[in-house]
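Below: one structure, written as structure tokens.
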Amino acid sequence: MLSFAKRYPARGAAALLLLLIWYSVAFYVRLARQAEFPLPQETATAFLRLLANQDKILDHSLYAHLGASLERWFMGYTAGVAWGLGLGLAGAMLPGMGRTLAPLISVIHLIPGLAWIPIAILLVGINQRTAILLISLTAMPPVVLSLQQGLKATPEEFIMLSRMCGEGPGRRFFKVQLPAALPHLITGLRLALANSWRVVVASEMVVGTGLGLGYTIMQSRWTLDYTTAFICIGLIVVCGLLAEHGFFGMLEKVTLRRWGMSR
């Protein structure tokens, strides 16, 4: 813990501040409202018991709930990214189609993910596909918009140089414009991932899927198992940070190094 704090002083200070706030709020709630606000050590102990499968959450293991949320996240995010890349590339290759789609994508981007719930229920009913559809609709617009922005930001001298080398439009697009757009696209993918993770948790709360971190948090209001709710909130944060800063951080470094770019 001390070596971690010395190596990462800002992160160590943030962790200590979080613990201080947690204890302060917990003691205040316990004294002022006579409510059993979970303490950090109680949450850690319960988390270890869940990891060891000594306790269950709503008759299922912690791994089952986490796996269900990650599965919905992956399926919805993958579908949204596929739609986004397809529409973005189609709009770039066919300018008329791009101008037609731009207002529609912007409108979809402005609509909160949960606002699609009535339409999703009408289309696919109340089941796991509802959450997946909500996630994909939330993930798609940032991918399209970031790809279009990246393609527009391609330096004109790169395009002129490729023309002087005799490269055709297709080869120029895939060898010059698309690589130049990658930093913007990666940013869009990160935004789509963060947005979709929030939606998968919220959709599990609203739709009621029987399994998942969001569903567990929602049910804690009836079971009064707030310690488990805190554990699920912590897992939501950890999964989001690992995906955004771990995977995408590495992908961004590899991409920039591969194409000789700097940010």
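The values are calculated or read from the model by the stated rules, or taken from the named source; none is laboratory data. Everything quoted here is computed from the prediction, not taken from an experiment. A quick note on method: Cβ atoms are made from the backbone with ideal geometry, for glycine too, and the neighbour counts reach across all protein chains shown.
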Q.
Exactly one condition in (1) of a type outside the set (D, E, K, R); (2) in the same structural domain as residue 179 (by TED's automatic domain parsing); (3) at pLDDT 90 or above is false for residue 27; which is it?
A. (2)
Q: Please state which of the following conditions residue 33 fails to meet, knowing it meets all the rest: (1) in contact (Cβ under 8 Å) with a residue 24 or more places away in the chain; (2) outside the structural domain of residue 189 (by TED's automatic domain parsing); (3) of a type outside the set (Gly, Ala, Ser).
A: (1)
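Here's the yes/no breakdown for (1) within 24 Å of the chain's Cα centre (by Cα); (2) at pLDDT 90 or above; (3) not assigned by TED's automatic domain parsing to the domain that holds residue 123:
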{"site": "145", "(1), (2), (3)": "yes, yes, no"}
{"site": "150", "(1), (2), (3)": "yes, no, no"}
{"site": "161", "(1), (2), (3)": "no, no, no"}
{"site": "170", "(1), (2), (3)": "no, no, no"}
{"site": "174", "(1), (2), (3)": "no, no, no"}
{"site": "183", "(1), (2), (3)": "yes, no, no"}
{"site": "187", "(1), (2), (3)": "yes, no, no"}
{"site": "205", "(1), (2), (3)": "yes, no, no"}
Q) When region 196-226 is examined, which residues are found to be among the small types (Gly, Ala, Ser) and either surrounded by 18 or more Cβ atoms within 10 Å (Cβ to Cβ) or assigned to a helix (DSSP H, G or I) (or both)? A) 196, 202, 203, 208, 212, 214, 220
Q. Could you say whether any residue in region 117-130 is in contact with a Lys or Arg (Cβ under 7 Å, 6 or more places away or on another chain) and either in the same structural domain as residue 244 (by TED's automatic domain parsing) or basic (Lys, Arg) (or both)?
A. yes
(Q) Being surrounded by 15 or more Cβ atoms within 10 Å (Cβ to Cβ) and among the hydrophobic types (A, V, I, L, M, F, W, C) narrows it down to one residue among 81, 25; which is it? (A) 81
